[in-house]
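Scroll down for the structure; my scribbles are underneath it.
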Amino acid sequence: MNERSLFAAHALLPTGWARDVLLSWNEQGFLTDVKTQCVCPADTLQAAGPVLPGMPNLHSHAFQRAFGGLTEYRGAAQDSFWSWRSLMYRFAAAITPDQLEAIATGLYVEMLEAGYTSVCEFHYVHHDHDGRPYADDMALSMCLLRASARAGIGLTLLPVLYQTSGFGASPPSEGQRRFIRSTDNMLALLQKLKPLCEAQGARLGLAPHSLRAVPPDSLREALDGLQAMDAKAPVHIHIAEQTAEVDACLAWSGQRPVEWLLDHAPVDARWCLVHATHMGAEEGMRAARTGAVAGLCPSTEANLGDGIFDAASWLQGGGRWGVGSDSHACVNAAEELMLLEYSQRLATRQRNVLATAEQPSVATAMTLAAVAGGAQASARPVAGLAAGQQADLLVLDAQHLLLRDLPSPETMLSAHVFASHRQSALLQVWVGGRLRVQSGRHALHDSALSDGVTARQQLLKNTP
Ligand code: NGQ
Ligand code: ZN
């Protein structure tokens, strides 16, 4: 058997659905050839259903998987993003390196089983419980590097710069003590992490947490330092997620957060604007035209009551976008697409809002857009089924009850995204040409998930 090729009767290429596709890759796991209208060679495995590109997850805080379900009750008279954040900080304050590693490994196994083949970790819990650096300052970053290697998911590591608790350089709160680094210290961390990331095929970037957490001078210095280290490194930032942030930014600068950023930072295609929920139409179009990716996290944005992204203005500006699972209220690539489309339907009272003229099937259009945008934000060659990209691919189960005998691969993908069998219809997941999920299961499914549960029990016991 040729272990570096797969034949698909139907595969979703960047240009759309193609028939009788032979995918071949090299020893390093990069696609060398994507031939259409082929005959399946005798020595080649034939996919048991339509083949899709693997989805990059462009925004994750792995530790937040540990408290899923535990913030869904009313505490304050008016619960909000900010009261959720206070609860979240309690877990961030308590987690240990071993717990983080176990929770992240379990999470990455779940991600693979749910159609994500790579992940961008927006990593901000850096220090020991008292706020002092660990003896090895990279300790918690290393937990994430090891977790991704073990699960076999691609990684873009984004160490987070965090310095202040609000606009105007207000000092950090107690709850933020594990996040704080000076700009020089952050640049030194990046230098140390760079060879370690390279050694395992991970990409290193930088994440200024938000305009609330990084004052203008620090932002400039950090970006200069990053530029000197790697001019193409990705930059991710949380922005305009909540109206309170917009109001505080207006009070501080007279500008809205995205407006301010566009006027004060070299925003371009290296950037991922995470959430970008609250922009005016003009502001949105201007941001879209920079080539930056909008990092949309539909399940978390709904869970936290953020608001609804204005996709119409973004797309009018030619904007690119991808999806992330962020707080992991939901870990499922197809479900994020569904929730995004549904939010747009609810807001516009239309249907098939994110379909395009070229791809009228909305699930196909969204999958292609989210893979392209996710790959750009990841700054890794994971942009779908084309030569030069990693062989990251998903095989849908054509025999699944909901897919069987549907008239086309396009309708099978629609059923996968919109008809409630999002996870169970995924048969195989390949990352860099290696089969990581077989019959819907990762080889570490039992061990990694139960280790994650054990770590969660310990964490809960030690969280006040
Ligand atoms: C975070 N999460 O960093 O985990 C944030 C909350 C903040 C989301 N924005 C904290 N979804 O923004 O200050
Ligand atoms: Zn986030």
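The values are calculated or read from the model by the stated rules, or taken from the named source; none is laboratory data. Owing to the predicted nature of the structure, the values given are computational and were not obtained by experimental measurement. Cβ sites come from the backbone with ideal geometry, for glycine too, and all protein chains shown count toward neighbours. What goes into the accessible areas is simple: the full protein's heavy atoms, side chains included, and nothing from ligands, DNA or RNA. Shrake-Rupley method; radii C 1.70, N 1.55, O 1.52, S 1.80 Å.
Listing for the model above:
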{"item": "Which listed residue is outside any helix (DSSP H, G or I), away from ligand 1 (no atom under 16 Å from the Cβ) and among the aliphatic types (A, V, I, L, M), from 371, 353", "result": "353"}
{"item": "Unique match (being in contact with a strand residue (DSSP E or B) (Cβ under 7 Å, 6 or more places away or on another chain), crowded, with 20+ Cβ neighbours inside 10 Å, at pLDDT 95 or above and of a type in the set (Val, Ile, Thr)) among 395, 417", "result": "395"}
{"item": "Options 64, 99: the member that is within 14 Å of ligand 1 (Cβ to nearest atom) and in contact with a helix residue (DSSP H, G or I) (Cβ under 9 Å, 6 or more places away or on another chain)", "result": "64"}
{"item": "Failed condition for residue 320, given (1) within 16 Å of ligand 1 (Cβ to nearest atom); (2) under 25 Å from residue 112 (Cβ atoms)", "result": "(1)"}
{"item": "Residue check for residue 245: within 13 Å of ligand 1 (Cβ to nearest atom), farther than 28 Å from residue 392 by Cα and of a type in the set (Asp, Glu)", "result": "yes"}
{"item": "Residue in region 71-82 that is within 27 Å of residue 163 (Cβ to Cβ) and in a helix (DSSP H, G or I) present", "result": "yes"}
{"item": "Residue satisfying all of: in region 207-219; farther than 14 Å from residue 179 by Cα and either in contact (Cβ under 8 Å) with a residue 12 or more places away in the chain or part of a strand (DSSP E or B) (or both); farthest from ligand 1 (Cβ to nearest atom) among these", "result": "216"}
{"item": "Residue 222 vs. criteria closer than 30 Å to residue 194 by Cα, free of Cβ contacts under 8 Å to residues at least 40 places away in the same chain, open to solvent by less than 10 Å² (accessible area, probe 1.4 Å) and aliphatic (A, V, I, L, M)", "result": "no"}
{"item": "Residues located in region 15-43, provided they are surrounded by 15 or more Cβ atoms within 10 Å (Cβ to Cβ) and in contact with a helix residue (DSSP H, G or I) (Cβ under 8 Å, 6 or more places away or on another chain)", "result": "17"}
{"item": "Elements of type helices (runs of 4 or more DSSP H) in region 234-335, at least 1 residues being open to solvent by 10 Å² or more (accessible area, probe 1.4 Å) and in contact with a Lys or Arg (Cβ under 7 Å, 6 or more places away or on another chain)", "result": "243-253, 257-264, 281-289"}
{"item": "Only one of 54, 115, 106 that is more than 16 Å from ligand 1 (Cβ to nearest atom), under 17 Å from residue 455 (Cα atoms), in contact with a Gly (Cβ under 8 Å, 6 or more places away or on another chain) and touching a residue at least 60 places away in the same chain (Cβ under 8 Å)", "result": "106"}
{"item": "Answer residue from region 140-152, given it is more than 20 Å from residue 456 (Cβ to Cβ) and touching a helix residue (DSSP H, G or I) at 6+ places or on another chain (Cβ under 8 Å) and is most open to solvent (accessible area, probe 1.4 Å) among those", "result": "142"}
{"item": "Region 181-206, residues that are open to solvent by less than 50 Å² (accessible area, probe 1.4 Å), at negative phi and assigned to a loop (DSSP other than H, G, I, E, B)", "result": "181, 202, 205"}
{"item": "Pairs with Cβ under 6 Å, 6+ apart, first in region 364-388 and at pLDDT 95 or above, second open to solvent by 30 Å² or more (accessible area, probe 1.4 Å) and assigned to a helix (DSSP H, G or I)", "result": "364/410; 383/372"}
{"item": "Single residue of region 95-135 satisfying the filter (open to solvent by less than 10 Å² (accessible area, probe 1.4 Å), in a helix (DSSP H, G or I) and among the small types (Gly, Ala, Ser)) that is nearest to residue 374 (Cα to Cα)", "result": "104"}
{"item": "Any chance residue 360 is without any contact (Cβ under 8 Å) to a residue 24 or more places away in the chain and either at positive phi or open to solvent by 30 Å² or more (accessible area, probe 1.4 Å) (or both)", "result": "yes"}
{"item": "Lone unmet requirement of (1) away from ligand 2 (no atom under 16 Å from the Cβ); (2) exposed (fewer than 15 other Cβ atoms within 10 Å of the Cβ) for residue 82", "result": "(1)"}
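Okay, residues lined up against (1) more than 16 Å from ligand 2 (Cβ to nearest atom); (2) over 27 Å from residue 452 (Cα atoms); (3) at pLDDT 95 or above:
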| site | (1), (2), (3) |
| --- | --- |
| 157 | no, no, yes |
| 164 | yes, yes, yes |
| 210 | no, yes, yes |
| 228 | yes, yes, yes |
| 231 | yes, yes, yes |
| 239 | no, yes, yes |
